[in-house]
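The structure appears right after this line, and notes come after that.
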Amino acid sequence: MFSETTRCVVLVGAQWGDEGKGKITDVIAEQATIVARYQGGANAGHTVEVGDEQFILHLIPSGALYPTVRCLLGNGVVIDPWALAKEVEMLEGRGIDISGRLGISWRAHLVLPYHKLLDGASESSRGVQIGTTQRGIGPAYRDKVARNGVRVCDLADLPSARATIEAQCVWANTCLADYGSDERANPTEIMDGLESVAPGLLASAVDVGDEIRTGLAASGRVLLEGAQGSQLDVDHGTYPFVTSSNTTAGGAAVGVGIGPTLIDEVLGVVKAYTTRVGNGPLPTELEGDAAEHLRTLGGEYGAVTGRPRRPGWFDGVVVRHAAAVNGLTALAVTKLDVLDSFEEIQLCVGYDLEGAGQGGFPPRAQQLEDVSPVYETVPGWMAMTEECRTWDSLPENARAYLGRIESVSGVPIRFVSVGSGRTQIVSV
């Protein structure tokens, strides 16, 4: 993926998250000097398998498993200090020393206990739930935009941060009472907790943007790792069934503090079919036995919440939309092997909305609920692909299916994943 002319790559999910970004990041990170997260928080769940070991990372970039890769959390990430400490402890307990390689933006905002309380109470009070992970991500971003947040740099002067935290606890407790919750935020407990985690965070605090710019100037190779997926972007996703940050490539430069002209390529990760966790439109959704069959074959359960994912056929309209808003230069297709036993596969090439053909992407969630997908049926390959390592070794019908994904999305395929293992990859 990297070359003399490609030294900064953004990796984004091009569906509704859970596309296998952790696996693809792990593959590309072997060539990287820096891997940086640019948005989201501990609501992400990036799964990487190395041999018989499985690692699920929520905050730390997926490049952590390579001992020479520098791992950065940008200013666009909202950081739960206790979740981060637990993740560092997990990795070090499994023989991976990350503490000396981890850099955290001074400007990153913190997820504090009252954010989690508000997240859970707010979700419970909704008539139609969004499907939040209840990790406090949305409330933390809300405080950031409202200019009431606490940042990593504020930990250097905790007495000054106390006033903000006390005021936010008063506000949070009023909201919790309005939501009918009996839980309350305790500012003294929060301050005590921050005093215990502040030294570790401050020891890793850096100017992430400056470090990336310096690295690129020294011919380094930088991978900017997105979380969630393009259809969960707060601006370009299926609003209001979205996350609270810009998951698309435009958020990468802002989320780490570099200029957009430093980005050379944008790699979109897609499954060979489609899944979604939580509520919101999913035009190609399967139901009943067909859904359960695909869910079982693909192991489609959330890495963060364990919730069953909603499966559907590959949606070319969704990926075309993702290609447009991200400026995708290449695709990585994952879980091709899950479709190995299907005699026929359906692929959505367009939507029919209120009886009229429509090639664009509807802006309102209700419109997406009402569309009728226009399908093509293609023959399956009925052969195992998990041992394939080259394009030519893939079954002919599998290559034809991938070619149709390219033509429908308008984006060339660079990688094909044929299993969960690190080496189960085809480079095109």
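The values are calculated or read from the model by the stated rules, or taken from the named source; none is laboratory data. Here the structure is a predicted model, which means the values were calculated and not measured. Here the Cβ positions follow ideal geometry from the backbone for every residue, glycine too, while neighbour counts run over all protein chains shown.
Values computed for the structure shown
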{"item": "Matching residues in the range 241-258 - criterion: being touching a helix residue (DSSP H, G or I) at 6+ places or on another chain (Cβ under 6 Å) and not in a loop (DSSP other than H, G, I, E, B)", "result": "ALA253, VAL256"}
{"item": "Answer residue from the range 257-273, given it is in contact with a Leu (Cβ under 7 Å, 6 or more places away or on another chain) and over 15 Å from THR25 (Cβ atoms) and is surrounded by the most Cβ atoms within 10 Å (Cβ to Cβ) among those", "result": "TYR273"}
{"item": "Restricting the range 217-237 to residues that are surrounded by 24 or more Cβ atoms within 10 Å (Cβ to Cβ), under 19 Å from ARG142 (Cα atoms) and of a type outside the set (Gly, Ala, Ser), the residue that is modelled with the lowest pLDDT", "result": "GLN228"}
{"item": "Selection status of LEU353, within 22 Å of THR284 (Cα to Cα) and modelled with pLDDT under 95", "result": "yes"}
{"item": "First in the range 306-330 and outside the structural domain of THR275 (by TED's automatic domain parsing), second anywhere and among the basic types (Lys, Arg), Cβ under 8 Å, 6 or more apart", "result": "none"}
{"item": "Matching residues in the range 36-64 - criterion: being under 21 Å from ALA205 (Cα atoms) and assigned to a loop (DSSP other than H, G, I, E, B)", "result": "TYR38, GLN39, GLY41, ALA42, HIS58, LEU59, ILE60, PRO61"}
{"item": "Residue within the range 6-22 that is under 30 Å from PRO240 (Cβ atoms), assigned by TED's automatic domain parsing to the domain that holds GLY250 and part of a helix (DSSP H, G or I) present", "result": "yes"}
{"item": "Of the criteria (1) touching a residue at least 40 places away in the same chain (Cβ under 8 Å); (2) in a helix (DSSP H, G or I); (3) under 28 Å from SER62 (Cα atoms), which one LEU118 fails", "result": "(3)"}
{"item": "Single residue of ILE56, ILE60 found to be of a type in the set (A, V, I, L, M), in contact (Cβ under 8 Å) with a residue 40 or more places away in the chain, under 22 Å from VAL9 (Cα atoms) and not assigned by TED's automatic domain parsing to the domain that holds THR305", "result": "ILE60"}
{"item": "Candidate set: the range 141-158, residues that are farther than 18 Å from THR243 by Cβ and not hydrophobic (A, V, I, L, M, F, W, C); chosen: the one surrounded by the fewest Cβ atoms within 10 Å (Cβ to Cβ)", "result": "ARG147"}
{"item": "Condition check for LEU347: outside any strand (DSSP E or B), of a type outside the set (Gly, Ala, Ser) and closer than 16 Å to ALA14 by Cβ", "result": "no"}
{"item": "Tabulated pairs, the range 211-233, first on the phi > 0 side of the Ramachandran plot and in contact (Cβ under 8 Å) with a residue 12 or more places away in the chain, second polar (S, T, N, Q) and crowded, with 24+ Cβ neighbours inside 10 Å, C-beta under 6 angstrom, 6+ apart or interchain", "result": "GLN228/THR243; GLN228/THR247"}
{"item": "THR390 assigned to a strand (DSSP E or B), touching a residue at least 24 places away in the same chain (Cβ under 8 Å), surrounded by fewer than 20 Cβ atoms within 10 Å (Cβ to Cβ) and not acidic (Asp, Glu)", "result": "no"}
{"item": "Residue that is in a helix (DSSP H, G or I), touching a helix residue (DSSP H, G or I) at 6+ places or on another chain (Cβ under 8 Å), without any contact (Cβ under 8 Å) to a residue 12 or more places away in the chain and not assigned by TED's automatic domain parsing to the domain that holds THR68, where the choices are SER160, SER196", "result": "SER160"}
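For (1) crowded, with 23+ Cβ neighbours inside 10 Å; (2) over 28 Å from LEU402 (Cβ atoms); (3) of a type in the set (A, V, I, L, M); (4) not assigned by TED's automatic domain parsing to the domain that holds GLY41, each residue gets a yes or a no:
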{"residue": "TYR239", "(1), (2), (3), (4)": "no, yes, no, no"}
{"residue": "THR248", "(1), (2), (3), (4)": "yes, no, no, no"}
{"residue": "THR275", "(1), (2), (3), (4)": "yes, no, no, yes"}
{"residue": "GLU285", "(1), (2), (3), (4)": "no, no, no, yes"}
{"residue": "HIS293", "(1), (2), (3), (4)": "no, no, no, yes"}
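Every residue, every condition in (1) touching a residue at least 40 places away in the same chain (Cβ under 8 Å); (2) under 25 Å from ARG399 (Cα atoms); (3) assigned to a loop (DSSP other than H, G, I, E, B), yes or no:
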{"residue": "HIS236", "(1), (2), (3)": "yes, no, yes"}
{"residue": "TYR239", "(1), (2), (3)": "yes, no, yes"}
{"residue": "ALA290", "(1), (2), (3)": "no, yes, no"}
{"residue": "LEU294", "(1), (2), (3)": "yes, yes, no"}
